[in-house]
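Everything on this sheet refers to the single structure shown next.
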Amino acid sequence: MTNNGRQPRGLAVLISGFGSNLQAIIDAIAAGELAARVNCVISDRPEARGLLRARRAGVPSRVVRPADYGDRAAFDAALARVIDAYDVDLIVLAGFMRILGADFISRYEGRIINIHPSLLPKYPGLDTHRRALENADTNHGASVHFVSGELDAGPVIIRESLQIDKHDTEDTLRERVHRLEHRILPRAIDWYLQGRLTVSGGEVLLDGGRQPDQGL
Ligand code: GRF
């Protein structure tokens with residue numbers, strides 16, 4: 001038992017690249033802020049830097065490459081086999097750049113969350129920072145949401161917002177939003193694992209109530 005006596009719960013963290021959100025999870029666990037254990041890191045790309053982070057933290061990691069499977073259904077099935085081989089309470093998509101099929105999502109419904117670099121429902125998909133700048137938005141941010149069949153459209157668990165500065169470029173904005181992501185992802189995982197989240201009418205409630213956005 002760790003973390004004030006709470007039993008750590010098992011995570012599978014799916015990545016495709018740099019893995020700074022994975023690192024934020026690992027760091028929050030090490031700091032005693034998150035009663036969880038990363039039981040497996042899975043990447044669809046063997047060169048993902050996040051795999052090194054997993055290795056450094058002593059976390060088992062696996063690579064499941066789409067090129068090794070005939071179609072998306074076969075890839076998703078392989079992914080599910082890996083996940084099911086570990087003790088996984090929650091699947092965290094942390095920069096996982098593949099779209100998962102409906103069968104996969106319904107198999108783990110309510111047990112998959114994703115971090116997205118925009119204030120959803122604004123800007124699902126790619127290039128969120130560029131789109132926010134092009135539209136001269138004053139605010140931008142990050143969201144953690146439950147994964148549903150529609151891309152970046154499941155019920156939002158937490159959002160954190162920042163003010164766009166007139167000097168912001170796509171790069172500075174990406175970096176600033178990343179810092180928000182690293183705060184809200186471990187927090188959302190913690191809420192989930194403590195059983196504090198419910199979904200009602202497509203909306204996520206924390207301890208039974210609505211919560212305001214962070215950072216406003
Ligand atoms: C993050 O911006 C996340 O919101 C998006 O992909 C990026 C992954 O970054 N889905 P990292 O690999 O965690 O550093």
GLY110: passes all of (1) within 11 Å of the ligand (Cβ to nearest atom); (2) at positive phi but (1)
Does SER16 meet the test of being open to solvent by less than 70 Å² (accessible area, probe 1.4 Å), of a type in the set (Ser, Thr, Tyr), touching a residue at least 24 places away in the same chain (Cβ under 8 Å) and in contact with a helix residue (DSSP H, G or I) (Cβ under 7 Å, 6 or more places away or on another chain)? no
Residue that is modelled with the lowest pLDDT, among those in region 3-33 that are in a loop (DSSP other than H, G, I, E, B) and more than 12 Å from the ligand (Cβ to nearest atom): ASN3
Options LEU51, LEU79, LEU93; residue that is under 17 Å from the mean Cα position of the chain (by Cα), buried (at least 20 other Cβ atoms within 10 Å of the Cβ) and more than 16 Å from the ligand (Cβ to nearest atom): LEU79
Kindly check whether there is at least one residue in region 141-154 that is modelled with pLDDT of 95 or more and open to solvent by 30 Å² or more (accessible area, probe 1.4 Å). no
Residue pairs meeting the criteria (Cβ under 6 Å; at least 6 apart or on separate chains; first under 18 Å from ILE15 (Cβ atoms) and of a type outside the set (Ser, Thr, Tyr), in region 92-110; second within 16 Å of the ligand (Cβ to nearest atom) and assigned to a helix (DSSP H, G or I)): ALA94/ASN21; ALA94/LEU22; GLY95/ASN21
Counting only residues that are of a type in the set (Asp, Glu) and outside any helix (DSSP H, G or I), which one in region 34-78 is farthest from TYR192 (Cα to Cα)? ASP71
Inspect all residues belonging to region 115-130 and state whether any of them is farther than 26 Å from LEU162 by Cα, touching a helix residue (DSSP H, G or I) at 6+ places or on another chain (Cβ under 9 Å) and of a type in the set (Ser, Thr, Tyr). no
Only one of GLY70, GLY10, GLY32 that is of a type outside the set (Ser, Thr, Tyr) and under 15 Å from the mean Cα position of the chain (by Cα): GLY10
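The values are calculated or read from the model by the stated rules, or taken from the named source; none is laboratory data. The structure presented is a predicted model; accordingly, all values stated were derived computationally and were not measured. Neighbour counts run over all protein chains shown; Cβ positions are idealised from the backbone, glycine included. What goes into the accessible areas is simple: the full protein's heavy atoms, side chains included, and nothing from ligands, DNA or RNA. Shrake-Rupley method; radii C 1.70, N 1.55, O 1.52, S 1.80 Å.
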